[in-house]
There are 2 protein chains.
Amino acid sequence: MKFKIKRLKLYTGWPYVAVMNELDAKLLGLHPMDRILIKSGTKSAYTILDVSQHGNTLKRGELGVFEELWDALQCSLANVEPISKPKSIEYIKKKMEGFTLNEKEIFEIIKDITLRRISDIEITYFVDSFYINGFTKQEVIWLTKAMVKTGEKLSFKGKVADKHCVGGVPGNRTTMIIVPIIAASGLKIPKTSSRSITSPAGTADTMEVLADVTKTSDEITKIVNRIGGCIVWGGYIQLAPADDQIIRIEHPLSIDAEGQLLASVIAKKISAGSKYLLIDIPFGIGSKCKTKYSAKRLGSAFLELASYFGLRTHVCFTYGSEPIGNGIGPALEAIDVMKVLENHKDAPLDLKVKALTLAGKLFELTGKSRKGKGYSFAKQILKSGKALKKMNEIIDAQGRKVKHWNKIKLGKYKRNIVAKRTGKLKGIDNQSVSKLARILGCPDDKYAGIFLYKHVGAKIKKGEKLFTLYAEVPHKLKEGLSFLRHNRVLSY
Amino acid sequence: MKFKIKRLKLYTGWPYVAVMNELDAKLLGLHPMDRILIKSGTKSAYTILDVSQHGNTLKRGELGVFEELWDALQCSLANVEPISKPKSIEYIKKKMEGFTLNEKEIFEIIKDITLRRISDIEITYFVDSFYINGFTKQEVIWLTKAMVKTGEKLSFKGKVADKHCVGGVPGNRTTMIIVPIIAASGLKIPKTSSRSITSPAGTADTMEVLADVTKTSDEITKIVNRIGGCIVWGGYIQLAPADDQIIRIEHPLSIDAEGQLLASVIAKKISAGSKYLLIDIPFGIGSKCKTKYSAKRLGSAFLELASYFGLRTHVCFTYGSEPIGNGIGPALEAIDVMKVLENHKDAPLDLKVKALTLAGKLFELTGKSRKGKGYSFAKQILKSGKALKKMNEIIDAQGRKVKHWNKIKLGKYKRNIVAKRTGKLKGIDNQSVSKLARILGCPDDKYAGIFLYKHVGAKIKKGEKLFTLYAEVPHKLKEGLSFLRHNRVLSY
């Protein structure tokens, strides 16, 4: 049946929403939550139908569409046909019952998530089921394959390397230092990063302070082939796009299902055309892996999966019990990164050493350096200014946002926190630091955040500055101060 | 912060949806999917926020609300405040991890479902977790208590009886015969029934052919106190309302979690003020309980839970391998019921005998009859015409829709299906009958359905009518005939 498309100017973020008049729905034998296929010329979209119970929203023959669907269709007339429940619903139920899925079943589920043929409720059943029942190693391999197959693929000339960090440590912005070092060496490194989900800043949020991070696959291919590297937001392109949907569903309950984490990381690297991969797994109090044992276990699982797909991989287990660098928050972290690249006297040493270590390991993995020589090769590139030059090329290629980091204006509502007594800094709690930074407005308020003056082990004098809070709006600074009254961020 | 309420004239069916301008959201520190409390005078509602990404839908200071929320608030100005994640999210996660929940935790989850403080995705995690991990007996008791506590309660003078059928057998409309028989005896029977979810007709859909079934608690109380009984749609009042939401979430995957089923039935009966309960568990090929063993197990679980709450309960295990009565579909089933009540010569005998058996058991349970005498007491009430008189009183009290069942006009597109050869009817497949009736338009098309002329064991002559299909629209009849070409409904 033909419908006139009416744009409803409402957003959902993900599911396509279409609404039709009750009488049209009856004529087509459709109920709310039924699936339809909307077609117009070469464009088509699966969606789940809402039915308008009264005639006042939509006239007969009109199909109301929310903005996401409007963007996908961009037409004024379309044909609507009912479609039946996809097979994948059956497979999800099979997983709920505790059975193992086969390759075809996993592919169907992932394909239908990507095509928006299954609803949020149905995706949640899938996510919860594999969270509770787990995935076998074989299922994780099939999940990875399915994620790659249902997304875009990039490809580059030459040796392509990549890095990934499992996250959890505030301020850990090594990527933005490693990428220019690697690219300056002649290797390719097409880095796609995520925005923050629960942390104060993702690499994409931090890079966005300096440059545009929303680039299409074609733009990425051109930039990387020309200058060797990029640092873009992965969510803007469709590498393993099913993963974004699974993460969106995991978010409300802060779930992290290991099998899906493994598949998602490896699938994105394969899709990005990488052949060499360095994985950073920080461990320690307040990071994602609490113990070295759990870090090692995760590392082995990564190595096993990556090797199945012929990805040469090295895992680094790093110290993750306190934040890295001085700044926490997009702008403050961007400044830290640029100071390291400029070999500035105030550059945070811990961030610099960690970035060089990881870059060095990647040089050794790709054969650019002999074993044991990677660190000094990376250091040499950094010291020579080649890394800074490369970073500026990347920023310019992506679209520069500030002339120099010293032009960045931090949140104008600030407060210094000073030591109440003399002592020695015993610990900085990652989770409290993250929470405080989020209260101050991170990551949406890019110029908000925390500047830490000390690292664990440092001596502290009474009255000395411990950290500075920055906020863009006064009430967030107030809330941050109130958080500090009830929570311990630093112990000394 | 104060907002002007803007009605968006869109429906979701359940979740409250509110939308605000991106800049207002930023000011309040809110993101999409965050929870807010909307207050206006004495009215308030929890909802999950959508954010409008462009300014063209909502101006600053406007809060767009969907119809469900509009109905709940009915105001032009309201105060909006952000609220934090409720504790229940933590408890849902605990259940996912395989732990047992305590009374307080279950109550918090059920309360937050009722208050719409948790999203569909979050409810799905809960449903899937108890589907996979199960509930302990103690958890089922707490779940029942929580469902009662979070809903409305009815109360009546005198002895209050009720009946419940676990369903699965098409045409099984004994309720509409039992209620007038019981009410005619002087007992009270406030029957709330469901609409069809996956079957061709629920009792509420069938009763709706004859009378209005949407009655408020006050109306139900008045009707039952005056004439002894009613047959209304349970979804219109708020008895154990959390259950409706759980069922809505279970629907897309056709899940039936036993613990939740038990809690939901018993909670609704307690809320309706019942003290005596008869449960009908049909078993056999094509019904919900495939074997007598599974029926017995379910029956014991019902008895145990009901006895905990002091509900005197009897379970009947009935034959469920073929449809009951002749008609399948709301109007056809209503006609069957009225024929039995009128002692009509064409009344389906199986339906009549089953209804009398169940009514008889209920008389024995309540002490109205001595053991073994219930059936004849019920038969006497039916034969005397008192049951028919009572049914007419109930129909009039709820709002009569047709003068007499013989005025009901069945779907005008019909087709007789005749026997291809002589033989003996070996089986009628419940699931195929249900599916066929749904294809013909049931339950939405009330006058569509199937009339079955024979029961299992009957002799069949070649060319004799086996059943008649009724549809309201021609293409549904066509689809029904196509279904018959590929599926076997009767075997002989």
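Rounded to the nearest 20 debye, the dipole magnitude of the stretch A:1-114 is 300 debye, with +1 charges on Lys and Arg beta carbons, -1 on Asp and Glu beta carbons, and the Cα centre as origin. Place the label 7 angstrom along Cα→C-beta at A:GLY463 and in each other copy, then list the distances from the first to the rest in nm, shortest first. The projected label point of A:GLY463 is separated from its counterparts by 11.6 nm. Using alpha carbon centroids, what distance separates the stretch B:75-148 and the stretch A:20-88, in Å? One Cα centre to the other: 33 Å. The residue among A:ILE279, A:MET96, A:SER307 whose Cα reaches farthest toward the positive pole of the charge dipole of chain A, with charges on the beta-carbon of Lys, Arg, Asp and Glu, is A:ILE279.
Among the residues of the stretch A:18-49, those with an accessible-area drop of 50 Å² or more from chain alone to full protein complex, heavy atoms and 1.4 Å probe, are A:LYS26. Antiparallel beta bridges, as assigned by DSSP with both residues in the protein assembly as shown, represent about 55 percent of the total such bridges. Think of the protein assembly as shown as a dipole: +1 on every Lys or Arg Cβ, -1 on every Asp or Glu Cβ, centred on the Cα centre; then among A:VAL209, A:SER321, A:ALA72, A:SER321 lies furthest on the positive end. For chain B, the carbon plus sulfur part of the accessible surface works out to 52%, probe radius 1.4 Å. For the stretch B:64-220, averaging the sequence separation of C-alpha pairs within contact (under 8 Å, six or more residues apart) and dividing by the residue count gives a relative contact order of 16 percent. What is the distance in Å between the Cα centroid of the stretch B:447-490 and that of the stretch A:342-382? Measuring centre to centre over Cα atoms gives 78 Å. Values of log10 I(q)/I(0) for the stretch A:415-467 across q = 0.17, 0.22, 0.23, 0.24 Å⁻¹ run -0.58, -0.86, -0.91, -0.95, by the Debye formula with one identical scatterer at each alpha carbon and no solvent. Sorting the Cα pairs of the protein assembly as shown by distance into bins of 10 Å, from 0 upward, gives 2, 10, 17, 21, 18, 13, 9, 6, 3, 1, 0 percent per bin. Between copies, B:GLU81 shows label-point distances of 5.4 nm, shortest first, with the point placed 7 angstrom from Cα along Cα to C-beta. Applying 1/(1 + (r/R0)^6) with R0 = 41 Å to the Cβ-Cβ distance of A:LEU349 and B:ASN133 gives a FRET efficiency near 0.25.
If I take R0 = 22 Å and measure r between the Cβ atoms of B:ASP218 and B:LYS401 in this structure, what FRET efficiency does the formula 1/(1 + (r/R0)^6) give, to the nearest 0.05? Once the sixth-power term is evaluated, E becomes 0.55.
Using the Cβ-Cβ distance between B:ASN225 and B:HIS455 with R0 set to 45 Å, the FRET efficiency from 1/(1 + (r/R0)^6) comes to roughly 0.70.
Accessible area buried by the pairing of B and A, both sides summed with a 1.4 Å probe, works out to roughly 3900 Å². Distance between the 7 Å Cα→Cβ label points at A:HIS486 and A:ARG297: 3.4 nm. Inter-copy label distances at A:ARG370, using a point 7 Å along Cα-to-Cβ, come to 10.8 nm with the shortest given first. Roughly how tilted is helix A:330-341, in degrees to the nearest 10 and between 0 and 90, from the longest Cα axis of chain A? Rounded to the nearest ten degrees, it is 50.
Going from the chain on its own to the full set of protein chains, the stretch B:67-97 has these residues losing 10 Å² or more of accessible surface (heavy atoms, 1.4 Å probe, no ligands, DNA or RNA): B:LYS85, B:ILE89, B:LYS93, B:MET96, B:GLU97.
Between the Cα long axis of helix B:241-250 and the first principal axis of chain B there is an angle of about 80°, rounded to the nearest 10.
Based on protein heavy atoms only, the protein assembly as shown ends up with 41 Å² per residue of surface accessible to a 1.4 Å probe. Using the empirical formula 2.2 N^0.38 Å as the baseline, the Cα radius of gyration of chain A reaches a ratio of 1.06.
Averaging the sequence gap over all C-alpha pairs within less than 8 Å and six or more residues apart, then dividing by the number of residues, gives chain B a relative contact order of 14 percent. Contact residues in the stretch A:113-128 by the 20 Å² criterion (accessible area, 1.4 Å probe, full protein complex versus chain alone): A:ILE121, A:GLU122, A:THR124, A:TYR125, A:ASP128. Site pair B:GLN380 and A:GLU103 shows an inter-label distance of 7.4 nm when each label is modelled 7 Å from Cα along Cα→Cβ. Where both bridge residues fall in chain B, DSSP classifies roughly 55% of the beta bridges as antiparallel.
In this structure, the pairs whose alpha-carbon distance is over 22 Å, taken from A:LYS153/A:LYS222; A:LYS414/A:LYS459; A:LYS269/A:LYS373, are A:LYS414/A:LYS459; A:LYS269/A:LYS373.
The Cα center of the stretch B:160-195 and the Cα center of the stretch A:398-432 differ in position by 69 Å. Scanning residues 5 or more positions from A:SER321 or on other chains, none has an amide H under 5 Å from its amide H, with H placed 1.01 Å from N in the peptide plane. The fraction of Cα-Cα pairs per 10 angstrom bin, counted from 0 for the stretch B:170-243, comes to 20, 52, 26, 2 percent, rounded to whole percents.
With contacts taken as Cα pairs under 8 Å and at least 6 residues apart, the stretch B:206-344 reaches a relative contact order of 23 percent.
The values are calculated or read from the model by the stated rules, or taken from the named source; none is laboratory data. Everything numeric in this text was worked out from a predicted model, so none of it was measured. Glycine gets a Cβ as well: all are built from the backbone with ideal geometry, and neighbour counts include every protein chain shown. The protein model used for the area step is the full one, side chains on, heavy atoms only, and it has no ligands, DNA or RNA in it. Shrake-Rupley method; radii C 1.70, N 1.55, O 1.52, S 1.80 Å.
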